[in-house]
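The values are calculated or read from the model by the stated rules, or taken from the named source; none is laboratory data. What you see is a predicted model; the values in this text were computed from it and never measured. So basically every Cβ, Gly included, is an ideal-geometry build from the backbone, and we count neighbours across all protein chains shown. The area values use the complete protein model at the heavy-atom level, side chains included, leaving out ligands, DNA and RNA. Shrake-Rupley method; radii C 1.70, N 1.55, O 1.52, S 1.80 Å.
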Amino acid sequence: LANIAFFAILIFRVARSLDRADRHRTSAEELLQLRARQWAGVAELGQRALSGVELPTLIEDGVRLVVNSLLVEWSELLELRSDGSALVPKIRLGLESESGRDACRTDAATLPGSVLASTQPTIVDDLTHDPRFHDPRLQARGVVSAVLVAVRGATRAYGVLAAYSARHRAFTDEDVHLLQTVASILAAAHDRKQVERALRLSEEKFSGLFRSSPDAIAVIRLADGRILEVNQGFLQMTGFSRDE
């Protein structure tokens, strides 16, 4: 009986150890698969940004990627107003809107405002007991844990990208890195849009000056001396037609 009891206990302990090892291996495999899906989604988002997808569509894709990759209930991108007075929800998933009352202050007392001011990613394990922040907007929606990063371009900040959980969640460095990568893609898209807008305005200004000037102006290619464009003043001075 003693031998039977001894071997029964030994077998039980070995079986339990094997079961723990199997669960650990399964968990590790699932985590690797999740990370692979996450970075595949990030790569696809980057390709869509390079292909010139419209900015609102790209932002929505980025917020949806955050929800699906980090397995959170809610995510949003808060856009900084041009005068810097408030952060306004641009795209959100999972959080119902309350029209104009949903704007968030940019001071350090609010969670998004503190991230924007510090430019550093912020992880909150329990928003309800964190003395640093008072954010009724999020507490009213049952947000418990959160991770936020600033969306900052080459010359200015565009807003804050956030992921929220309704349960206690220990966000990891890998989670923060993924959120920062998505934010960088969106910031680069914002920068490109700003450059395109500035270039378009510059072209419109040049075109207006070029065509309305009474002086003769011609755009000539240096390589072969080909005349590419002339204004009305040039036609009047030379007597040639535009086709000529």
Quiz prompt | Counted charge near T122, where neighbours are those whose Cβ lies closer than 12 Å (Asp, Glu -1; Lys, Arg +1) | solution = -2
Quiz item: Sorted by accessible area (1.4 Å probe), largest first, how do T122, T106 line up?
Solution: T106, T122
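If I take every Cα pair under 8 Å that is 6 or more residues apart in region 137-227, average their sequence separation and divide by the length, what percent do I get for the relative contact order?
Details: 78 pairs, mean separation 20.8, N = 91.
Dividing the mean separation by the residue count of region 137-227 yields 23 percent.
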Self-check item: Per-pair calculated FRET efficiency, R0 = 30 Å: Q180 and L32 via Cβ, rounded to 0.05
Solution: 0.90
Self-check item: Per DSSP, loop chymotrypsin sites (Phe, Trp or Tyr not before Pro) in region 201-244 with at most 12 further Cβ within 10 Å
Solution: F240
Exercise. Please pull out the direction-averaged projected area of region 42-153, using the convex hull of its alpha-carbon atoms, in nm² to one decimal place.
Key: 7.4 nm²
Practice problem: Using +1 at the Cβ of each Lys and Arg and -1 at the Cβ of each Asp and Glu in region 51-154, identify which of T119, Q139, S51 lies farthest towards the dipole's positive end. | Solution: T119
Quiz item: So how much accessible area does D173 have, in Å² to the nearest 10, using a 1.4 Å probe?
Solution: 120 Å²
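Could you report the chain's accessible area per residue, 1.4 Å probe, as an integer in Å²? Working shown, then result.
Working: 14820 Å² over 244 residues.
I get 61 Å² per residue for the chain.
Which FRET efficiency, nearest 0.05, do A2 and H24 yield, Cβ-Cβ r, R0 41 Å?
On the way: r = 33 Å, r/R0 = 0.81.
After rounding, the FRET efficiency stands at 0.80.
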Quiz item: Considering the alpha-carbon set of the chain alone, what are its Rg and its Dmax in angstrom?
Solution: 28.6, 120
Quiz prompt | Cα-projected label distance for S17 with L199, points at 7 Å along beta-carbon direction, nm | solution = 6.5 nm
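Do any GluC sites (Glu not before Pro) in region 1-80 lie in a DSSP loop with no more than 13 other beta carbon atoms within 10 Å, and if so, which?
Working: sites: E29, E30, E44, E54, E60, E73, E76, E79; in loops: E54, E73.
When the GluC sites (Glu not before Pro) of region 1-80 are filtered for loop state and at most 13 Cβ neighbours within 10 Å, E54 remain.
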Self-check item: Residues listed by number, region 207-228, amide nitrogen under 16 Å from E244 label point at 7 Å toward C-beta
Solution: 227
Practice problem: Run the 1.4 Å probe and let me know the accessible area of K205, rounded to the nearest 10 Å². | Solution: 140 Å²
Exercise. Starting from 0 in steps of 10 Å, tell me what percent of the Cα-Cα pairs of region 1-40 lands in each bin.
Key: 28, 27, 19, 14, 9, 3
Quiz item: Over the chain, what relative contact order in percent results from Cα pairs under 8 Å that are six or more residues apart?
Solution: 14 percent
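State the percentage of accessible surface on the chain attributable to carbon and sulfur atoms; use a 1.4 Å probe and exclude ligands, DNA and RNA. Can you show the working numbers first?
On the way: 8440 of 14820 Å².
Exposed carbon and sulfur together represent 57 percent of the surface.
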Practice problem: Quick one: compute the contact order of region 32-123, relative version, from alpha carbon pairs under 8 angstrom and 6+ residues apart, as a percent. | Solution: 17 percent
Self-check item: Point-charge dipole on Cβ atoms (K/R +1, D/E -1) for the chain, about Cα centre, debye to 20
Solution: 400 debye
Practice problem: Quick one: net charge around S207, please, counting Lys, Arg +1 and Asp, Glu -1 for every other residue with C-beta under 11 Å from its C-beta. | Solution: 0
